[in-house]
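Engineer: My structure is below; once you've seen it, I'll send some questions.
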Amino acid sequence: MRIAIASDHAAIEMKAALREWLIEEGHEVADLGPDSHDSVDYPDFGYKLAAVVAEGTAERGIALCGSGIGISIAMNRNPAVRCALVSEPLSASLAREHNNANCLAIGARLIGIEMARACVTAFIETEFGGGRHQRRVDKLSNPSC
């Protein structure tokens, strides 16, 4: 799977660890930055990641910041993105199954790397359920549906 990943400075270590693990798992990973601990603004990286997923360059996106909240808000400004902020695998799985989430947000200051890996695994392995959920997902991009 083609996965893009981005963070702010607060999540640089988690981003690096997830990137390496995803590559080991056989995924193609695009690291959209940042590359240092210098302070950056999470919206810049959230918008960049959202654009890559929206244009189809990546099938899924993983967004990281200290809490996961700010970058998820930035991601969801793009109407083609459905970014779910999660802290455990069940939410990650349901975000895919029910909401067809194409991006996952995680707070690096709130959960550890093992839980983050469990969330990403659930996110990658779960398929969208379709059916009754499709009508609802359609309304996320077009409220008049």
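Since every read-out is calculated from the coordinates, none of them should be taken as a lab result. Please read these numbers as outputs of a predicted model, since none were measured by experiment. When we count neighbours, we look across all protein chains shown, and the Cβ atoms used for this are built from the backbone with ideal geometry, even at glycine.
Engineer: Please find the FRET efficiency linking residue 113 to residue 44, where r is the Cβ-Cβ separation and R0 is fixed at 25 Å, and quote it to the nearest 0.05.
Structural biologist: Taking R0 as 25 Å, the efficiency between residue 113 and residue 44 is 0.55.
Engineer: For the chain, what does -39500 (n - 2.57) per DSSP helix run (n ≥ 4), summed and divided by total residues, give at 222 nm, in deg cm²/dmol to the nearest 500? Mind dumping the intermediate values first?
Structural biologist: Values: 6 runs with 67 residues, N = 145.
Calculated at 222 nm, the ellipticity per residue is -14000 deg cm²/dmol.
Engineer: Also, I was wondering about something else. Rounded to the nearest Å, what's the spacing between the alpha carbon centres of the stretch 1-45 and the stretch 103-145? Just the number, please.
Structural biologist: 18 Å
Engineer: A further question follows. Quick one: if the Förster radius is 25 Å, what FRET efficiency do residue 69 and residue 94 give, using the C-beta to C-beta distance and rounding to 0.05?
Structural biologist: The value I calculate is 0.85.
Engineer: Would you tally the net charge around residue 16, using a Cβ to Cβ cut-off of less than 11 Å, leaving residue 16 out, and scoring K and R as +1, D and E as -1?
Structural biologist: With Lys, Arg at +1 and Asp, Glu at -1, the neighbours total -2.
Engineer: Starting from 0.36 nm per residue, how many nanometres of slack lie between residue 87 and residue 24 once their C-alpha separation is accounted for? List each step's numbers first, then the result.
Structural biologist: Values: separation 63, 0.36 × 63 = 22.68 nm, distance 2.27 nm.
Difference between extended and current length: 20.4 nm.
Engineer: Restricting attention to the stretch 111-145, which trypsin sites (Lys or Arg not before Pro) occupy a DSSP loop and are surrounded by at most 15 other Cβ atoms within 10 Å? Could you put the intermediate results ahead of the total?
Structural biologist: Values: sites: 117, 132, 135, 136, 139; in loops: none.
In loop regions of the stretch 111-145 (DSSP not H, G, I, E or B), there are no sparsely surrounded trypsin sites (Lys or Arg not before Pro).
Engineer: Ok, one more. For a quick protection proxy, order the peptides 121-130, 68-77, 104-113, 3-12 by their average other-Cβ count within 10 Å, most packed first.
Structural biologist: Values: 121-130: 15.8, 68-77: 21.9, 104-113: 19.8, 3-12: 24.3.
Put in order of decreasing packing, that is 3-12, 68-77, 104-113, 121-130.
Engineer: Given charges of +1 on the Cβ of Lys and Arg and -1 on the Cβ of Asp and Glu, with all other atoms neutral, how large is the dipole of the chain about its Cα centre, in debye to the nearest 20?
Structural biologist: About 740 debye.
Engineer: Give the relative contact order (percent, whole number) for the chain; include only Cα pairs under 8 Å separated by 6+ residues.
Structural biologist: Relative contact order for the chain comes out at 23 percent.
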